[in-house]
Structure formats: structure tokens, C-alpha cells
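To keep things clear, I will list the structure first and then write my remarks on it.
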Amino acid sequence: MARDVKGKRNAETEVLMRRCKVLTMTAVLLLCAVRAVAADFSVPLAGGQTLYFNVVSGGVEVVYPRDTQVPAQGWNGYVRPTGALVIPSTVEHAGQVYSVVAVSNHAFYNCAGLTSVTLGEGIAEVRSNGFGLCSGLTAIDLPTTLDSLGQSAFFGCNALATCTVRAAVPPRCHSAAFYNVPLQQAVLRVPCGCVAAYGASAPWSSFGTVSDEGCSVTVGTGVNNLQRGSVSGGGDYAEGTAVTLTATPAVGCFFACWGDGDTLNPRVVTATAGARYVAYFFPYVHDTLLVVLRDTIEVHDTVRIYSGGTDTLYVVLHDTVRLTDTVHPTLVTLTLASSDPWRGIVVGNATVPVGTEIEAVAIPMDGDAFYGWSDGSYDNPRRISVDGDMVLTAFFGEYEGIDAAGGDGAAWSATVSGRTLTVRCGVGETVRLFDMQGRCLLSVNASSEATTVVVPAAGAYLVSVGTGPAKRIMVK
């Protein structure tokens, strides 16, 4: 009886042991299966890199190759990315295109061989330790779509030198997103005009330098007819740079004006986003002007350039070509002279269509004074309707404290640093720069107490404010 019971127990024990072996083998197989699953799919990149992705809501996220080890212990045989890494905006797998929306937890943890990282447009999030302990990482380029950085997103990236963020609004950051990163030694580059926003937002404000240097805007130029002339000076410049534009007519043509009605040539403009300056050239004998309108043939925002007889020329400042208006300009010349070029210079010499109004300005040298025009007028500046060829002389002499005409005694100063001229004067005053032959190189209205312009080249120049005496400056 006892023997039967013992035998029965042995049989049950053997059955249990067999079941345990089966369960153990099953567990091992499952574990192997888990270790074998790297991600939903992988994508090879140019340069030999391979990235791993999981499908999530809205697209895919970049992950590390999953296995039983934590990322800090390695990728369990998978090759870690090194050098310059560019995570694309989209990836393709099995005939389907996915948008990359995030860098997941620990995706590139301890990838010490990475030297730079660029995230494609569309990526909105870098999660916890996404690039933790990437100790060789020196440069980061984050897209306009970045919304947030998680805890320790760039933990321990202690070689970081430059971080470029293209989002106009500072992305949300965990307070420890850059934990153990010497930000005071790094440069943060942000979009133009966004320095203040980043400088007021942590942890971006902890960077040693927050700068938008290097960002540029395009100063566009054009002509109404490529056969009649050309414009030089356009191109890419740092925003706020003073740019000199020069309109050069072809043989048999003349420069009438810029698209905004300004007739100054050469002309100094400030580089701003979207700026475009079109030069209008016309043949001396006859021309058909293309008038520019926005959406309709209704004429609005009109600038009258000149008129002669029954023919009137207009420029309408909008976007598409619509209407024609035939003009037959008769050209006349206004010749202004100085009684003594060493004591004063004049502005306003021009060859223009008959009936054009010209502003004539007489500018004495420092210590001298303007004493009137040869036609008896003392107005300075003065508007002259040029109905035929005219010659006028401005009379200058030593300032005697009496009988000086049209001058203004407002105090102003001019300083030069390199090729930058800074004129301090009243707001709204006209600041002019002349070469030593008395030719006006630029004319601007002061928008602040300190007006800054770039002088074209080294040499001697004359500077005036309003109709007051001109001062000589030297640019090295």
C-alpha cells in the first residue's frame, strides 16, 4: 500500500517536472522572441546609419533597438550611430510613407560617437534621455516644429558648443533638459528677431550667448524692362544692413524712378524681409508703360512721376501687370552751379521730363553761408517746376552772422567707425552724404536721434543735415 502511494507521488512529481520544463522552455522562447524584436521596423540611411522606428499616433517615433538590456548597457549588438546624424522628416517602409514625429525615450542614449544631430521638420518632441550621455555631441539643429524637450533630453552632452533652434516660439523644456551640460560655454542661435523671447525663457536663457547673427534677408531688385537697364546691389544681407542700390540705364534710355516713387540714384536702403526695389527705365523718345495693379483694373495707391502736356505717367505699386499708358516725354535739364565750390555745394541737377518738380538745395561748407540764388530767390530748399532748360547759381560766402539765407543752426554731429557713419541730429531732418565733387551719394530722413549709414568706400566725404553747413569727414 505504502509502495503504491510512493509510486503515485513519484509519477505526479515527474509530471510536474515535465510541465516546469515546458514552461521554462516557453519562457526562454518568449524571452528570445522579445530580445529578437528590435522595433516595428528599421530604415537604413545614407552613410551607413540605421534608424529604428515604432508606429505611433500621427506617424512614427525613433526608438533604440529593443532588447532585455537597458540602453545604458549597450545596444546588444546593434550598431550605434556615429558622426553627423540627420533624422529625416519622413521614412518609407513596406510601400508606406510615415511622418517622423518624435525621438523616444533613450533613443540615442550613450551614443558617444555622435558629433552633430539635425532633426527634420515635423519632429515635435524629444523625450526623456533621447540624447542622454551623447558626450561627443557638439552641435544640435532643432526644427521649427519642435514643441518640447523632455527630462534629460540632452543630459550629459558636455561637449555641446552650438544649438540652433528654428522655432520662433521657444519650445517647452523640462528644467533638467540640459542637465549636466555647460550651457554658459555654448551658443544658442535663434530666428531673426527672437533673441529677446529666448533670453527670457528657461533653460534657453542659460546659454552663454543667444544670437540671431548670420540670419539674412534678401534685398530683391528688378527692372521694368531688361533691355533698358540694370540694378546692382541686391542680394542676401543681415537684417538691418545698409545696402546701396544703383540703377544703370542702357544706351538711349534714362532712369525715371524706383517702384516706390523714389528718384534717388544711387540709393541706400535698409535690408528688411521681403524688400524688393524695381527700377523704371524709359527710352528718350517714346514708351508704353505697363501699369501694375493688384487684383482689379481700379487705379489706386498712385505715385505721379512726371507729366507733360496731355500725357501723364503713373506707377501703381502692386503685383500684376494689367494696363498700358502711352507717354511721349520731352526732356529738359536743370543745371545748378555753386558760385564757389570751396564754400558750398548744390543738390538737384537733373535731366527730366518737362514739368517735373525738382527740389534744389544749397548747402554751405562749415564756416560759410548761403546768400541766395541767381534768379533772386532766397528759398532753401526750394521746389522748381522745370518747364524748360534752366541754369541757376547758388551764391556762397564767408559767414558774417548776418544776411545768411535759408540756413538752419540746429546742432548735429557726425562720427565714423570703419565704414559706418553715425549722424546725431533731430528726428525728421534730412541727412545727406556727398563726395568731394559735390555729388549727392545718399539722402535719408533721420528716423531717430542717431542715423547710421554705410559709406561706399574709403576716402573724403561731406555730410550735411537739413540746409545747414556741411562738414568734412574721412573714412579709412
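Considering the conditions (1) modelled with pLDDT under 90; (2) of a type outside the set (S, T, N, Q); (3) more than 39 Å from the chain's Cα centre (by Cα), Leu392 is excluded by exactly one of them, (1).
Screening the candidates Ala112, Ala124, Ala139, Ala84 for the property of being touching an Asp or Glu at 6+ places or on another chain (Cβ under 7 Å) and closer than 24 Å to Val181 by Cβ yields one hit, Ala124. Checked against (1) assigned to a strand (DSSP E or B); (2) under 21 Å from Cys440 (Cα atoms); (3) of a type in the set (Gly, Ala, Ser), Gly220 passes all but condition (2). Please indicate, with yes or no, whether at least one residue in segment 229-244 is modelled with pLDDT of 80 or more, over 19 Å from Thr452 (Cα atoms) and touching a Pro at 6+ places or on another chain (Cβ under 6 Å). Yes - at least one qualifying residue is present in segment 229-244. If you filter segment 356-397 down to residues that are in contact (Cβ under 8 Å) with a residue 60 or more places away in the chain and surrounded by fewer than 20 Cβ atoms within 10 Å (Cβ to Cβ), you find that the one that is farthest from Lys471 (Cα to Cα) is Pro381. Checked against (1) in a loop (DSSP other than H, G, I, E, B); (2) of a type in the set (S, T, N, Q); (3) within 29 Å of Ala176 (Cα to Cα), Gln227 passes all but a single condition, namely (3). Summed over segment 248-300, the residues that are farther than 21 Å from Asn349 by Cα, of a type in the set (Gly, Ala, Ser) and modelled with pLDDT under 80 give a count of 3. Would you be able to say whether some residue in segment 113-127 is touching a His at 6+ places or on another chain (Cβ under 9 Å) and surrounded by 15 or more Cβ atoms within 10 Å (Cβ to Cβ)? For segment 113-127, residues touching a His at 6+ places or on another chain (Cβ under 9 Å) and surrounded by 15 or more Cβ atoms within 10 Å (Cβ to Cβ): present.
The values are calculated or read from the model by the stated rules, or taken from the named source; none is laboratory data. Treat the numbers as computed from the prediction; the structure is a model and nothing was measured. A quick note on method: Cβ atoms are made from the backbone with ideal geometry, for glycine too, and the neighbour counts reach across all protein chains shown.
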